[in-house]
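Report on the following structure.
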C-alpha cells in the first residue's frame, strides 16, 4: 500500500515551510506551493499514483512501479525528461540531468514537509484511510444536528 | 431524478445495505460465492456508528451537483451525466491518484485493493431499485426524488403536530 | 595521431529533441538552444571521448558512432543512415569529415501561458506511451497541451475550487 503526502486544504495557510524543509533536505524542493488567486494556497507534489503515467514513456526503466510503490533509480535515468511531460500534475522537474520528484523521504520516519508543517495540513496517509477519516469528521458534524429523538428511540428499543 | 435518500432515525445499523452493495458489484451476484471472489467485491455504502447517540448513519455517494470528484479527476474517469446528475466512474481510465478521495466531502470514495483504482456508488445501473435500498429492512434507505421524500416527511411532521394540538384551544 | 576520432551520426528522422544527449555528455560538446519556436540540437561531427554516453542514453537510438578510419568508405555512412548524408571531403584528404550538424525540431507552446516546453515529437511519443497504458479518449489527455507549471496551476485551481465548496459545507 503506497503512502503519499497529501494536504488538508482547509488547514493550509500558505507559509511555504514545506518548500523550505524540502529544499534543505534535497537539492531542490519537490513540493511546490502557490496561492490560487482569491481562493486558497495549494501545495503540489508527487501523488504516488497507483497506475502511474510517468513510467509509461521512461526509456531506461529508471521510473518503475514496483513493490506497490513508485521507484526512481537515478543510475538508469537518461535525463530525457519524458516522464515530466507525462505527469498530469506537473509534479516532477528536471535538474542537473536527473528527475527531482517527491520520494517521501525514505530514510526518515516521516517526510520532512509533514514534520515541518505548522498547521498539520500535510499528512502521510494511505488512500484507503481518506474516506474513513472524512466520514468520521462528518459524523462529528452531524452530532450537532442529529435529532435527539434518535437517541430516545434507541433507549426505548432496548 | 431518483436518489438514494437516508432516514437515519430508522437505521438500526444492521449493515444489510453494505453486504447487498458488495454482492451486487460482484461477478457471481451471490453472497457465498462473492466471499471467495478475486478481486474482492467492495461495498460503496458505509454505515457509520455514532456512539454518543447510539445511532448509525448510512453514507453513500450523493451525486453532488458540480461534483468535486469530477472536477479534480485528471483523466475524466469520473464523469457526471448532465441530465441525470449521476456520477459514474470508469475503472480503466482511473490512475489511482486519489484526488477524488481527498476532495469528496462525504468520504464515500473507496479503493479496490487488487486493481488499485477507486470504487464509488453508481446507483446500480442494471437494477430498478439500488441493491442497498432493496436490502434495507427498516426502509431507512429510500429511492425517491427529493421532493417526494420531503412530501413524506411533511406528512409525518403534520401528523405529529396535529396529535400535539389535539384538545388544545386554537 | 593515435587518437581515434569517432564520427557522430545523429539521425534527424529519429530524433525527438529530448535533450538526453546534451544532459549526459561529460564534456558538454552537444549544444542545445531554443529560438523562434524551434529547439536546435547541435552535434559536433566528431568526438575524441570514448564514452558513447549520448548514443547509449538516446531513447530513440538516433545516435550512431563510426570510427574515422572506417569512414573512408562513404557508403558506410550512407548505408547506416539509409540515405544520403552530406559529408565534406577536406582538401587533400580522401576521408570524410563530418561537419557540425544542427537538428531542429518544432516546439509546442503551452495552451495556457504560451511558453514552449516540449517538442511536438516528444509530446507525440509521450501521448502514445500513455495511451498504451490507459485508454484515454481523444482529447482525454488535456494536460499534454500545458506546460508543467500550468498543469500544477490547473490542478491547484481545481482543488481550491472544491475547497470552497467544503468551506460552505
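Numbers below:
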quantity	calculated
Test result for residue B:108, in a helix (DSSP H, G or I), touching a residue at least 24 places away in the same chain (Cβ under 8 Å), in contact with a strand residue (DSSP E or B) (Cβ under 6 Å, 6 or more places away or on another chain) and closer than 22 Å to residue B:42 by Cβ	no
Any hit, the stretch C:131-149, residues being more than 16 Å from residue B:74 (Cβ to Cβ), facing another protein chain (nearest Cβ under 7 Å) and not in a helix (DSSP H, G or I)	no
Test result for residue A:19, touching a strand residue (DSSP E or B) at 6+ places or on another chain (Cβ under 8 Å) and free of Cβ contacts under 8 Å to residues at least 12 places away in the same chain	no
Given (1) surrounded by 21 or more Cβ atoms within 10 Å (Cβ to Cβ); (2) assigned to a loop (DSSP other than H, G, I, E, B), index of the condition residue B:57 fails	(2)
Any hit, the stretch B:95-102, residues being more than 14 Å from chain A (Cβ to nearest Cβ), under 29 Å from residue C:134 (Cβ atoms) and surrounded by 21 or more Cβ atoms within 10 Å (Cβ to Cβ)	no
Condition met for residue B:124 (more than 10 Å from chain A (Cβ to nearest Cβ), outside any helix (DSSP H, G or I) and either crowded, with 18+ Cβ neighbours inside 10 Å or modelled with pLDDT under 90 (or both))	yes
Boolean, residue C:54 is touching a residue at least 12 places away in the same chain (Cβ under 8 Å), within 12 Å of another protein chain (Cβ to nearest Cβ) and under 12 Å from residue C:65 (Cβ atoms)	yes
Residue in the stretch B:82-90 that is more than 11 Å from chain A (Cβ to nearest Cβ), surrounded by fewer than 21 Cβ atoms within 10 Å (Cβ to Cβ) and within 30 Å of residue A:68 (Cα to Cα) present	yes
Candidates B:111, B:62 - the one that is more than 12 Å from the chain's Cα centre (by Cα) and either over 28 Å from residue A:44 (Cβ atoms) or within 12 Å of chain A (Cβ to nearest Cβ) (or both)	B:111
The one condition in (1) farther than 27 Å from residue C:156 by Cβ; (2) touching a helix residue (DSSP H, G or I) at 6+ places or on another chain (Cβ under 8 Å); (3) not in a strand (DSSP E or B) that residue B:35 fails to fulfil	(2)
Boolean, residue C:117 is closer than 30 Å to residue A:13 by Cα and facing another protein chain (nearest Cβ under 9 Å)	no
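The values are calculated or read from the model by the stated rules, or taken from the named source; none is laboratory data. Note that the structure is a prediction, hence the values are computed from the model and not measured. No Cβ is skipped: glycine too gets one built from the backbone with ideal geometry, and neighbour counts run over all protein chains shown.
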